[in-house]
Amino acid sequence: MTPFRGAFVAIVTPFIDGQLDEQGLKDLIEFQISNGTHGIVPCGTTGESATLSHAEHRRVVELTIKTVNGRVPVLAGTGSNSTSETIELTRHAKEAGAAGALVITPYYNKPSQEGLYQHFKTVAEAVELPLILYNVPSRTAIDMAATTVARCAEVDNIVGIKEATGDMNRACDVIRRCPKDFAVLSGDDFTSLSLVLLGGTGVISVTSNVHPKGMSDLMNAGLAGDVAKAREIQYRLFPLMGAMFYDTNPVPAKKALELMGKIKSGAPRQPLWHMGEEPMNRMKAVLKEMNMI
């Protein structure tokens, strides 16, 4: 059975005055593990990987792996729009002890489907570490076709995908075309239950940052086939899932964690900016309704 199963948190990177808040990150990891999160994903989109220096990126990965200490898998974000840089970051993740690497489709460059296949194949052949592909066309301006995912699945250490199109037709096509042991993880909290019931293995979640128990319970129920329980949890969490996208991810999640007293500052790095008053008030109302603040 794949280790990439259940609710993995795409964990935020906390900053204080623009600098990495190491104690804040360690505290968040403990909060996650104590509430049943199945895995930790540092340096993803939600972790603001785009504005981390290479030194910060390495430190976040190393600190996460050290703090987790083998209790759950750590899937380190290592993707870039440069194949050589992706290899460098993936090698570091392996050396640091990550269980796998999350590798995004190269953004901005807009490679062809053959270019995508060759990119991932080159990384996989360069570093002997389980790789999870990451397809999020809303962020990258490139969409990886299900046929390309299936080609990549034939490469030995490409073991899964974070499918973040929110398109269940696409998710079904990926699951249908790929081997049964290929992990298909939702990158979209709203559709994570649907994907699991169709044969997916879990979610890499934004909402898990603020409600790890809810998302882990949702995935546990869905993977166990307890549809009634899973449906009840889904609708209970539904307003919170929406609130996490009242502004660009991870701005709402970081502010919510600050309001919950889980981190000292929810400030994102520029060019992201603080939430405006109107979306902030709407998010506060959801958090209060769920007795989270």
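Put +1 on the Cβ of every Lys and Arg and -1 on every Asp and Glu Cβ in the chain; which of Gly242, Trp273, Gly79 then has its Cα farthest towards the positive end of the dipole? Highest projection toward the positive end goes to Gly242.
When the chain is fully extended, how far beyond the present Cα-Cα distance does Lys66 get from Tyr235, taking 0.36 nm per residue of separation?
57.3 nm
Of the labelled options (i) 13.5; (ii) 17.0; (iii) 15.9, which one gives mean projected area of the Cα convex hull in nm² as computed for this structure? Looking at mean projected area of the Cα convex hull in nm² for this model, the match is (i). Normalised by the residues of the range 6-228, what does the relative contact order come to in percent, with Cα pairs under 8 Å and at least six apart? Relative contact order here is 20 percent. Per-residue packing, averaged as other Cβ atoms within 10 Å, sorts the ranges 87-95, 100-108 into the order 100-108, 87-95, beginning with the highest. Given Lys94/Lys229; Lys26/Lys94; Lys180/Lys262; Lys213/Lys254; Lys66/Lys288; Lys162/Lys229, which pairs have Cα atoms separated by over 29 Å? Cα-Cα > 29 Å for Lys94/Lys229; Lys180/Lys262; Lys66/Lys288; rest within. Note on Glu85 and Leu198: with the Förster distance fixed at 41 Å, the Cβ-Cβ geometry gives a FRET efficiency of about 0.75. Each Lys or Arg adds one and each Asp or Glu subtracts one; over the other residues with Cβ under 14 Å from the Cβ of Phe190, this totals -2.
What aspartates and glutamates sit close enough to Lys121 to cross-link, taking a C-alpha to C-alpha distance under 12 Å and skipping anything fewer than 8 places away on the same chain? List returned: Glu154, Asp156.
None of the figures in this text is laboratory data; all of them are computed from the coordinates on show. As the structure is a prediction and not an experimental result, all values here were calculated from the model. Cβ: placed from backbone, ideal geometry, glycine included. Neighbour counts: every protein chain shown.
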